[in-house]
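Engineer: So that we are looking at the same thing, I have put the structure below in structure tokens.
The values are calculated or read from the model by the stated rules, or taken from the named source; none is laboratory data. What you see is a predicted model, and the numbers here were worked out from it, not measured in a lab. Virtual Cβ from ideal backbone geometry, glycine too; neighbours counted across all protein chains shown.
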Amino acid sequence: MQTLNVGAGRTDQEYKAAEDEHRADLLAESRNNANYFFIAAVLAGIGCGLFLFRLNVLVSIGAYELLTIYGRETIRHNPLLLYAAGVLWAAILVGLGFAARKGYRWAFLAGVALYAGDMIALAITFSVFSIGVHGFFVLKWYQGQKALEDLKATKVSP
């Protein structure tokens with residue numbers, strides 16, 4: 001019976017170089033996935049009308065839509081409330097993006113929780129296409145936190 005030895009035939013230098021390359025790939029993957037926070041912030045601004053036009057077919061925010069439905073009377077008296085909600089949403093995403101780029105796994109998990117909760121609000125407002133866009137961001141942020149988790153595991157292993 002023959003056993004397979006992973007890394008057999010490689011010198012210590014080659015093994016360490018491969019490990020370093022693997023760590024660099026995981027770090028690059030997590031940073032790439034962190035950039036999706038900034039893309040989501042721009043799309044949130046478009047969905048809220050912060051860029052002087054509003055395109056909410058694919059990039060709607062569930063909490064924003066619920067605010068427009070259930071807070072109609074309040075918004076009529078204070079129209080800047082909608083813009084403030086949009087700015088706050090985008091600012092949270094930008095802040096999470098900077099934290100995720102620094103390597104904080106909690107930022108990815110917070111983004112997943114935020115958008116998963118917002119997907120429920122989108123389901124209430126029947127924004128089917130926006131649920132798909134949210135699902136894409138949730139997937140990317142999950143992959144980002146997974147890359148950071150794997151990176152931490154490779155640093156700990158001997």
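Engineer: Yes or no: residue 87 buried (at least 17 other Cβ atoms within 10 Å of the Cβ) and either over 28 Å from residue 19 (Cβ atoms) or hydrophobic (A, V, I, L, M, F, W, C) (or both)?
Structural biologist: The answer is no for residue 87.
Engineer: Grab the helices (runs of 4 or more DSSP H) fully contained in segment 1-111, keeping just those with 1 or more residues being under 23 Å from the mean Cα position of the chain (by Cα) and more than 22 Å from residue 139 (Cβ to Cβ).
Structural biologist: Because the criterion is at least 1 residues that are under 23 Å from the mean Cα position of the chain (by Cα) and more than 22 Å from residue 139 (Cβ to Cβ), the helices (runs of 4 or more DSSP H) in segment 1-111 that meet it are 12-48, 62-70, 80-101.
Engineer: Determine whether residue 62 is more than 17 Å from residue 98 (Cβ to Cβ) and either surrounded by 14 or more Cβ atoms within 10 Å (Cβ to Cβ) or at pLDDT 90 or above (or both).
Structural biologist: Yes: the conditions hold for residue 62.
Engineer: Six or more apart or on different chains, Cβ under 8 Å: which pairs go from a residue in segment 23-50 that's within 11 Å of residue 147 (Cα to Cα) and in contact (Cβ under 8 Å) with a residue 40 or more places away in the chain to one that's part of a helix (DSSP H, G or I) and of a type in the set (Ser, Thr, Tyr)? Could you list them?
Structural biologist: These pairs meet every condition: 23/154; 26/154.
Engineer: Taking segment 118-137 only, how many residues are among the small types (Gly, Ala, Ser) and under 13 Å from the mean Cα position of the chain (by Cα)?
Structural biologist: 1
Engineer: Just to be sure I understand, how many residues within segment 104-123 are crowded, with 16+ Cβ neighbours inside 10 Å and out of contact with any His (no Cβ under 8 Å at 6 or more places or on another chain)? Don't jump to the end; show me each part of the working.
Structural biologist: Quick first cut of segment 104-123, residues crowded, with 16+ Cβ neighbours inside 10 Å only: 104-105, 107-112, 114-115, 118-119, 121-122.
Still in the list and also out of contact with any His (no Cβ under 8 Å at 6 or more places or on another chain): 104-105, 107-112, 114, 121.
Residues that pass the stated criteria total 10.
Engineer: Quick check on residue 17: is it closer than 27 Å to residue 149 by Cβ and either at pLDDT 90 or above or loosely packed, with under 12 Cβ neighbours inside 10 Å (or both)? Spell out the reasoning first.
Structural biologist: Details: closer than 27 Å to residue 149 by Cβ: yes; either at pLDDT 90 or above or loosely packed, with under 12 Cβ neighbours inside 10 Å (or both): no.
When the stated conditions are applied, residue 17 does not pass them.
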